[in-house]
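Below: one structure, written as structure tokens.
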Protein chains: 2
Amino acid sequence: MKHQDILDRALRIVRPTARERKILEATAEKALQIVSELASGLPGIVDVSLEGSAAKDTWIRERMEADVFIHFDPSVPREAMEREVVRIGMEAIRRMGGEPMLMYAEHPYVEGTINNVTIDIVACYRVKPPNWISATDRTPYHTRYVRERMTRELRDQVRLLKKFLLSCEAYGAEIKVRGFSGYLSELLILAHGGFYETVMSASKWRPPIVIDLEVHYGSRDEVVEAFQGQSLIVVDPVDRRRNVAAAVSDTRLAEFILASKLFAQKPSLKFFRAREPRTSLGTLRRLIRKRNILFIEFRVGGRIPPDVLWGELRRTEKGVRKALERLGFQVYRSDSWTNLRDCVISLELDSSTLPSYELRRGPPAYMDNSLDFVLKWVRKGVSGPWLDGFRLYVLSERRETRAEKLLRSEIRMGRVSLAKDLHDKVKKARITTSLNNLPRKLLRDPDFQKHLHRFLQHRPNYL
Amino acid sequence: MKHQDILDRALRIVRPTARERKILEATAEKALQIVSELASGLPGIVDVSLEGSAAKDTWIRERMEADVFIHFDPSVPREAMEREVVRIGMEAIRRMGGEPMLMYAEHPYVEGTINNVTIDIVACYRVKPPNWISATDRTPYHTRYVRERMTRELRDQVRLLKKFLLSCEAYGAEIKVRGFSGYLSELLILAHGGFYETVMSASKWRPPIVIDLEVHYGSRDEVVEAFQGQSLIVVDPVDRRRNVAAAVSDTRLAEFILASKLFAQKPSLKFFRAREPRTSLGTLRRLIRKRNILFIEFRVGGRIPPDVLWGELRRTEKGVRKALERLGFQVYRSDSWTNLRDCVISLELDSSTLPSYELRRGPPAYMDNSLDFVLKWVRKGVSGPWLDGFRLYVLSERRETRAEKLLRSEIRMGRVSLAKDLHDKVKKARITTSLNNLPRKLLRDPDFQKHLHRFLQHRPNYL
């Protein structure tokens, strides 16, 4: 099939249905109205507006969301603004019949789901560029920038790109994903003029990649200089000092590049259909056979905002990984999972045990401390001390060889870098190399099963 | 005990007995006489002389040896000289009732044992320094240099040093050892004035170490510059361009430094008693338990001169070691053994098998060949391909995980660097990780048992 035919079909997948449109419009209008009512007459609030993909009409089927922004005067102190948006947000979601949830990005906001529409009630300051006070102050300018430039066709192109990114699992700026935001997708479409053009371009990308729509800089080199160490640099049209792609991890960027290469070589509808793997405990048991997976399982109490929890999980995962490598294991891969309550860090190792004997490297013979090493090990080593070149070595027996025991003891001795809030939880975590030692409830959780399946098979959806 | 008391006792261990002296003198004289007779009247032969430790009276108890040198005129072609020394040497040893053996260093010589005295019959050219033609031409000058400077006391000091080096297993310039030669030991004593002074100095050595007895160079830096990359530099008094210690390996040098440090800290008679370990097959079986030793066993036909065979064994050992490391094993240590017929290369590994699964690293996603990697592995990998940062990875199952099988197949595919002469032998070698698979005869050989014991325990004698 030619790529144009594929894209025509894909459009039918990504375009919202008429019914969805009606629901979203009605729900967004209702939310806007309620928030406006709650905010009216309050000093310091200067406006309430609809932002995000609903305002730009770039949302995709089955992903209805509406962002309601409350605009504060710069004179309102940060604390007061946060208090107000939480209070109004909670009340508004409740009035609409939803269950409000307190979220946290740079500052708190409130989320709720009504008629399948995710509603976020967010605060920002009404300021003129570049006098930003908070991270969300740019959003109304982003909305205006995109709306002024998007045709109906381009909006469809954005939808194709978002769906494509979703199936490479590279869509979403939240910490859990560290992928492409909606605004970033829109800018890519504006920069290239269409979905196909964006993907063809991305298939040839080599970092650092530079996109400067408004020509804020004199040259590519100037941009690279200004955003050192960043792989994908998309200069924010409304703020020359900001890289819209700053939160995109190299892994997500690479996933997009790879998918683009594959699509360029052979376009297919698969890239617009995020197949979820079908799995079962039996399948998982089969996949895990002969492999060495170490699980760290614990629960977090209270309600940690998702971005915070995910940040801490990722940091802890990294610390554990480093500790295992220091112990002598090869860590093939690691990933984390949470339902915001149960947390599991999974790591695939080359082996679940270390060899019984360990080679210890001493100082060179000519160093002053060489005798200390010799005298320490002469009775304790299984073999040695011996010399190889100038260097002293000894072979000693390990008291403990099991990964789970070694890691537990490293954690106890405070030698593993853990995120502060998870510290006590991880210290008491269940650490095991056997699936059967995980709690039954967790093993039956379809979301955890899906995660574990993907961890064990770990292959892009579109392949 | 004070070090002087120790040394007094050690002297009784190292000094030849009156009986030994008588035997050596008589045997050396006889050899000299027979070689002179055989050489007399032959054109091109200008002298026959006694060289080495017998001529310098620096030999130690239980190590009687006499080097008979046949001096050729520089006009004699190399080939003719080699032919003559082999012919005369063979005949002389036979006439004395010995079994002549053809040896090979830089050029061929003949060895035989008579009355427990090792007799070497060697050729050299009579030349004036520095017009050396062959490596042995310097020897008569070495003998003269040392004889002119050695007192009776210093000769005893040389004996102490030689015995000390023997018990650190650092004595002997042959390829098997790559240690300190007799001449080098004598120069060290001349440089420091005695055994104790030499050892005290060596205990503080840090490479590069420079000794320039005749002040052939203007400064230490000049010597280091002239002999770059060499750890121990002892400028030959009779040839400023030669480092007498060139053949000393870093390992042997380090062993001498370490033993000197230990002796300096606590002098002991242990350093003059090379205890051979008592062992048995039972002891070996106990020592090897839970360890992963890989044996490569083969026989060499014909008579390969020891230095040549040892050179090839060491090179093969190194090639095998590298191949195993490339395969993913950690090689803790390796050593070779031969009785000049049976050869065994032993290697201690972290494990005798590799993990069932293997992490394969692909190219970064943005490279042109990234799709080749993805398409190659998408159906074959157990997990993946996935991205970590820009890099592609895949986890694949290993068909073979056993060290012996993997090494055998690497050797068959010509991927292991082997010494040329051993190539066919190693291809057909027995490769095993079980002691029981070695030939019975070998397992009962006391010299092999001793070697294996030392390999498994690998600790200096004096500790």
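Bear in mind these aren't lab numbers, they're just calculated from the coordinates by the rules spelled out. Keep in mind that this is a model prediction, so the values were computed, not measured. No Cβ is skipped: glycine too gets one built from the backbone with ideal geometry, and neighbour counts run over all protein chains shown.
Taking the Cα centre of chain B as origin, work out the dipole magnitude from +1 charges on Lys and Arg Cβ and -1 charges on Asp and Glu Cβ, in debye rounded to 20.
Dipole size: approximately 2380 debye.
According to the square roots a ≥ b ≥ c of the eigenvalues of the Cα gyration tensor, what is the shape class of region B:357-397, taking rounded for a/c under 1.5, prolate for a/b larger than b/c otherwise, and oblate for the remainder? Cα axes put region B:357-397 in the oblate bin.
Distance between the C-alpha centres of region A:213-266 and region A:1-58: 27 Å, rounded to the whole angstrom.
Taking every residue in A:256-262, how many Cβ atoms of other protein chains lie within 10 Å of its Cβ, on average? Please report the intermediate quantities before stating the final value.
Working: counts 2, 7, 12, 1, 1, 7, 4.
Taking all residues of A:256-262 together, the mean is 5.
For region A:174-199, the residues whose backbone nitrogen is under 12 Å from a point 7 Å from the Cα of residue A:11, taken along Cα to Cβ, are A:195.
Taking every pair of distinct Cα atoms and averaging 1/r, then inverting, what Kirkwood hydrodynamic radius in Å comes out for region A:346-463?
Hydrodynamic radius (Kirkwood, Cα only) of region A:346-463 equals 18.2 Å.
Shown in residue order for region A:52-69 are the 3J(HN,Hα) couplings computed by the Karplus curve 6.51 cos²θ - 1.76 cosθ + 1.60 at θ = phi - 60°: x, 5, 5, 5, 9, 6, 10, 7, 10, 3, 6, 10, 7, 8, 9, 9, 9, 9 Hz (x for Gly and Pro).
Determine how many Å³ per residue the convex hull of the Cα atoms of region A:1-119 encloses. Please list the in-between numbers first.
On the way: hull volume 14.0 nm³, N = 119.
Hull volume over Cα atoms, normalised by residue count, gives 118 Å³.
Pairs spanning more than 19 Å between alpha-carbon atoms, out of B:318/B:420; B:176/B:204; A:450/B:380; B:22/B:163; A:163/A:266; A:322/A:405: B:176/B:204; A:450/B:380; B:22/B:163. The same position residue B:221 in the other copies lies at 4.1 nm from this copy, comparing label points 7 Å beyond Cα toward the beta-carbon, shortest first. Of the trypsin sites (Lys or Arg not before Pro) found in region B:241-315, those in coil by DSSP whose Cβ has at most 16 other Cβ atoms within 10 Å are B:273, B:275, B:278, B:289, B:290, B:303. Normalised by the number of residues in chain B, the average gap of Cα pairs under 8 Å and 6 or more apart makes the relative contact order 13 percent. What do you get for the angle between helix B:182-192 and the principal long axis of chain B? Use alpha-carbon atoms, 0 to 90 degrees, nearest ten. That works out to roughly 80 degrees.
Which of the trypsin sites (Lys or Arg not before Pro) found in region A:427-463 are loop residues per DSSP with 16 or fewer other Cβ atoms within 10 Å of their Cβ? Provide the component values of the computation, followed by the final result.
On the way: sites: A:427, A:428, A:430, A:440, A:441, A:444, A:450, A:454; in loops: A:428.
When the trypsin sites (Lys or Arg not before Pro) of region A:427-463 are filtered for loop state and at most 16 Cβ neighbours within 10 Å, A:428 remain.
Plainly put, the tip 7 Å out from Cα toward Cβ on residue B:5 is 10.3 nm from that tip on each other copy, the closest given first.
For the rotational copy pair A/B, the chain A residue whose Cβ lies nearest the symmetry axis, together with its distance in Å, is A:351, 4. Against the main long axis of the alpha-carbon atoms of chain A, helix A:403-412 sits at an angle near 80°.
Annotation for region B:400-463: GluC sites (Glu not before Pro) lying in DSSP loop with at most 15 further Cβ atoms inside 10 Å of their Cβ are B:400. For the peptide B:344-354, the mean number of other protein chain Cβ atoms found within 10 angstrom of a residue's Cβ is 2.
Counts of other chain beta carbons within 10 angstrom of each beta carbon in peptide B:376-383 average 3.
Relative contact order of region B:150-272: what whole-number percent is it, with Cα pairs under 8 angstrom and at least 6 residues apart?
Numbers: 160 pairs, mean separation 37.1, N = 123.
With pairs under 8 Å counted, the relative contact order is 30 percent.
The helix-based estimate of mean residue ellipticity at 222 nm for chain B, built from -39,500 (n - 2.57) per DSSP H run of four or more residues and divided by its residue count, is -13000 deg cm²/dmol to the nearest 500. Computed from the C-alpha gyration tensor, the three semi-axes of the ellipsoid equivalent to the protein assembly as shown are 79, 28, 28 Å, from longest to shortest.
Sorted from closest to farthest, the other copies place their residue A:83 label points 11.3 nm away, with each point set 7 Å from Cα along Cα→Cβ. If you take the Cα centroid of region B:299-363 and the Cα centroid of region B:102-124, the two points sit 31 Å apart.
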